[in-house]
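Notes to accompany the following structure.
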């Protein structure tokens, strides 16, 4: 689903230049956002930002408030308090919608539509005048160029997922909200999506990626935001969120773990071992995975 409106563009010219944000405004800015359903708080003072050309992973257990945050950013529901902005414009406003693309987790295209017809439909819904050129470029971007005339019912789930990514990019949005974009993909399909996300980063498009595949988030995202019970409980780059667990050394004497050592200690440790005449076959600085960090952060705030 794309909210972009490129009315007035030259239909004979194809350009994948995203809608421009206000000067220095983040692609997405959420400030002290709260939402209540009756007495139940879905969001409780959430603040986060996605800069242009930045990939941010949004993690949290079911019921943490992720979907509510995304719906507010899309302008589908109104917050109880705080503010959400897309490229400096209030979420839900025409200017914000023009800069936003969205792929829902559970989407459905008409089975009888061909790939090109799906994109044509969304071009008309978004007011994009990119025409056949835009459709061809987007299908090529998601590796579906040869399937442009294939009907949705004849596509694998992975192909449908990639078609969903293409429709989210109709109208050249500056900010993308992606909900589980790799959930139906095999390893080859996930690699295609990772490469696509890296391409979008290079084009200055901000992406908020909601996914339960923590390994994928760890591979592709610049930063991670973890929410639980409607609050941000951890945030930072995957490296920042990891914690050292010692250094593992493999020598002719076997494998040993130095639990109090860190990455900076490795050169000294190796030099000392070699000076004592030991053969060193491998060294590995250990750290917690994003999954371990995620589980610990969530357990601390939901236990």
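Read-outs: derived from the displayed coordinates by stated rules, not from any lab. It should be emphasised that the depicted structure is a prediction, and the values quoted were computed from it without experimental measurement. Please note: Cβ atoms are built from the backbone with ideal geometry, for glycine as well, and neighbour counts cover all protein chains shown.
Before moving on, here are some points about what is shown:
- Fully extended contour minus Cα-Cα distance, from residue 296 to residue 106, at 0.36 nm per residue: 65.5 nm
- Taking the C-alpha atoms of segment 76-181, convex hull volume expressed per residue in Å³: 102
- Antiparallel content of DSSP bridges confined to the chain, in %, to 5: 65
- If R0 is taken as 41 Å, the Cβ-Cβ distance between residue 90 and residue 153 corresponds to a FRET efficiency of 0.55.
- Taking all Cα pairs closer than 8 Å and separated by 6 or more residues, the relative contact order of the chain comes to 23 percent.
- FRET efficiency estimate (nearest 0.05) - Cβ-Cβ, residue 40 to residue 289, R0 35 angstrom: 0.60
- The translational diffusion coefficient of segment 244-287, from Stokes-Einstein at 4 °C and 1.567 mPa s with a Kirkwood hydrodynamic radius over alpha carbon pairs, comes to 126 µm²/s.
- Length available on full extension from residue 219 to residue 250: 0.36 nm per residue minus the Cα-Cα distance, which gives 8.5 nm.
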